[in-house]
Amino acid sequence: MIDDLDLGFDEAERGEKGRHRRGFRNRKGGSGGGRGKTFLALLMALLLLGGIGGGAFYGFDRIQNYFVTPDYDGSGSGEITVEIKNGALLADMADALVAAGVVKSQKAFIEAADANSRSKNIQPGTYKLRKQMSGANAVTAMLDLKNKIVNGLTIPEGRTSFNIYKLLSDKTKIPVKDFQAAAKDPEALGVPDWWFKRADGKKSVKSVEGFLFPDTYEIPPKSTAESVLKLMVNRFLSVTGEMKFADRVQEERGGVSPYEALIVASLAQAEAGNKDDLGKVARVAYNRVYGEFNCNCLEMDVTVNYYLESIGKPTKSSKQMTAAELDDSKNPYNRKLRGMIPTPINNPGKQALEGAMDPPSGKWLYFVAIDKQGHSAFAETYEEQRRNENKAREAGII
């Protein structure tokens, strides 16, 4: 042991150093130069012991790594892909890079990122990198867009799950049936059970519809149907969580559950011809189902179209729909059924969610598009609705 070696200290000096090792301090609060001298003495001891064996060099390497950031030199070699997940912090990125053998230590990457003002621009996604890169070279490589594997896909607002599966399949070459199979268990995709609770007494129908948030997604290589749908569900949960959607609905919508409000958001997304009207259409849906409307039913043709799409039939305009299609008793989305429909009818965007969460006040029960920009006129009575319809005809809208 080092304490048993004579390294040139006299007894008094040895005793003084021993007191510092045991935690003693001089009266002035100093340490007698303890840390620097202790490290120097230890370094000298290890160098003197160099001829004894490799163990001493191992000990020195351990000490050196404590004071010097472990890092590779140069730009590395070979090629490897590394995925940086959504929401990853610098430490998370560093962990992924260390695990892949790209950088030598987490500290090497974080220090290099801190030294590069552009590092905040590193985005989630999949990168082509090299093994054994220096931290600085890894940061530079991840800021170079040519090293990012771009496999983006934009899911538009208001698309049904059936349509989304087709878009995803075309992009990823994963069969539609795989997406359909994965979607059968929304909870396995990350939708919490409480999201399906209803306050209107109707039976809960668990569907992934409404939870596949419309956005632009980076599809990682070797994705599965399940992993892609999980990505979209997670985005939905993140957005609605940031909005405090569930909390505000329960506090402000008078007994309506978050799931029912999500259904209303999908209705607004389908019916509003202009984003300015999303909140007003949501208010109409609330008024019809939970207010004093003659049948407490929705009477919206978009619910009929959703049912037609769900059974593999083409959707139709209101004029094309037959009486049998409009009032099919087998259709659980029948527009004349009392109360709210079983599930959302599409996947609404953030503005539609905001409209359902916080709709404007009003007693409207009717609306009709009146211009080519898609704006609607809203009415409280059927007589007023008829006048608005005449305006729409004069403008050539209906």
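Please go through the stretch 56-94 and give me each residue that is farther than 26 Å from PHE236 by Cβ, modelled with pLDDT under 90 and open to solvent by 60 Å² or more (accessible area, probe 1.4 Å), ordered by number.
PHE57, TYR58, PHE60, ASP61, ARG62, GLN64, ASN65, TYR66, PHE67, VAL68, GLU79, THR81
Over 20 Å from SER223 (Cα atoms), among the hydroxyl-bearing types (Ser, Thr, Tyr) and open to solvent by less than 60 Å² (accessible area, probe 1.4 Å): is that true of SER117 in this structure? Reasoning before the result, please.
Working: over 20 Å from SER223 (Cα atoms): yes; among the hydroxyl-bearing types (Ser, Thr, Tyr): yes; open to solvent by less than 60 Å² (accessible area, probe 1.4 Å): no.
No.
Check off (1) within 17 Å of GLY76 (Cβ to Cβ); (2) free of Cβ contacts under 8 Å to residues at least 40 places away in the same chain; (3) open to solvent by less than 40 Å² (accessible area, probe 1.4 Å) for LEU129 and give me the number that stays unchecked.
Going through the list (1) within 17 Å of GLY76 (Cβ to Cβ); (2) free of Cβ contacts under 8 Å to residues at least 40 places away in the same chain; (3) open to solvent by less than 40 Å² (accessible area, probe 1.4 Å), LEU129 breaks only (2).
Of everything in the stretch 358-398, what is at pLDDT 95 or above and among the acidic types (Asp, Glu)? Give them in sequence order.
ASP358, GLU380, GLU383, GLU384, GLU389
Suppose we filter GLU226, GLU209, GLU218, GLU157 for residues that are crowded, with 16+ Cβ neighbours inside 10 Å and modelled with pLDDT under 95; which single one remains? First the steps, then the outcome.
Working: GLU226 fails: modelled with pLDDT under 95; GLU209 fails: modelled with pLDDT under 95; GLU157 fails: modelled with pLDDT under 95.
So the residue among GLU226, GLU209, GLU218, GLU157 that is crowded, with 16+ Cβ neighbours inside 10 Å and modelled with pLDDT under 95 is GLU218.
When residues of the stretch 231-277 are filtered for being under 19 Å from TYR306 (Cα atoms) and open to solvent by less than 10 Å² (accessible area, probe 1.4 Å), how many remain?
10
Take residues that are within 19 Å of GLY312 (Cα to Cα) and charged (D, E, K, R) and tell me which of the helices (runs of 4 or more DSSP H) falling wholly in the stretch 110-188 contain 1 or more.
In the stretch 110-188, 161-172, 176-183 are the helices (runs of 4 or more DSSP H) which contain 1 or more residues that are within 19 Å of GLY312 (Cα to Cα) and charged (D, E, K, R).
Are there any pairs with C-beta distances below 6 angstrom linking a residue in the stretch 362-388 that is more than 16 Å from ASN287 (Cβ to Cβ) to a residue that is of a type in the set (Ser, Thr, Tyr) and not in a helix (DSSP H, G or I), with the two at least 6 apart or on different chains, and if so which?
Here the result reads ALA369/SER376, each pair linking the stretch 362-388 to a residue that is of a type in the set (Ser, Thr, Tyr) and not in a helix (DSSP H, G or I).
Can we say ARG387 is open to solvent by less than 60 Å² (accessible area, probe 1.4 Å) and basic (Lys, Arg)?
On the way: open to solvent by less than 60 Å² (accessible area, probe 1.4 Å): no; basic (Lys, Arg): yes.
So ARG387 fails the test.
Could you please let me know if LYS146 is under 13 Å from ILE84 (Cα atoms), over 18 Å from the mean Cα position of the chain (by Cα) and at pLDDT below 95?
The answer is no for LYS146.
So, in the stretch 177-206, exactly how many residues are surrounded by 14 or more Cβ atoms within 10 Å (Cβ to Cβ) and of a type in the set (Val, Ile, Thr)?
Residues flagged as surrounded by 14 or more Cβ atoms within 10 Å (Cβ to Cβ) and of a type in the set (Val, Ile, Thr) within the stretch 177-206 amount to 1.
For the stretch 348-357, check the following and say yes or no: at least one residue is over 21 Å from SER204 (Cα atoms), at pLDDT 95 or above, open to solvent by 50 Å² or more (accessible area, probe 1.4 Å) and more than 30 Å from the chain's Cα centre (by Cα).
No: the stretch 348-357 contains no residue that is over 21 Å from SER204 (Cα atoms), at pLDDT 95 or above, open to solvent by 50 Å² or more (accessible area, probe 1.4 Å) and more than 30 Å from the chain's Cα centre (by Cα).
The values are calculated or read from the model by the stated rules, or taken from the named source; none is laboratory data. Keep in mind that what you see is a predicted model, and the values were worked out from it rather than measured. Here Cβ is always computed from backbone atoms with ideal geometry, including for glycine, and neighbour counts include all displayed protein chains. Calculation scope for accessible area: heavy atoms of the full protein, side chains included, ligands and nucleic acids excluded. Shrake-Rupley method; radii C 1.70, N 1.55, O 1.52, S 1.80 Å.
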